[in-house]
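Structure record follows, encoded as structure tokens.
The values are calculated or read from the model by the stated rules, or taken from the named source; none is laboratory data. Just so you know, these numbers come straight off a predicted model, no measurement behind them. Cβ atoms come from the backbone with ideal geometry, glycine included; neighbour counts cover every protein chain shown.
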């Protein structure tokens with residue numbers, strides 16, 4: 001083999017090695033790109049999930065505060081009902097006492 005043929009074969013072999021190396025680098029770059037964008041996407045999703053969880057916590061706090069106020073109002077209502085019932089009972093007792101005193105006089 002002459003010198004030119006050897007250089008041509010060597011250049012062809014180098015070209016194949018370079019193409020193989022280039023393809024491997026492109027594949028690695030694609031994988032890294034997918035990983036990076038995938039992580040970025042996952043980070044965005046985690047951030048959205050955290051925001052939703054925070055909103056849920058705020059909503060739960062509001063619900064608990066409303067529930068507490070409702071219980072306070074319910075207790076007030078019950079006390080008011082008891083007071084009204086006791087006044088009605090007192091009125092009935094007075095009426096019965098007055099009715100007894102009227103019937104005793106008559």
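Kindly indicate which of 17, 90 is out of contact with any helix residue (DSSP H, G or I) (no Cβ under 7 Å at 6 or more places or on another chain) and modelled with pLDDT of 85 or more.
90
Taking each residue of the range 65-85 that is assigned to a helix (DSSP H, G or I) and looking for partners that are modelled with pLDDT of 90 or more and surrounded by 10 or more Cβ atoms within 10 Å (Cβ to Cβ) with beta-carbon atoms closer than 8 Å, six or more apart or interchain, yields nothing.
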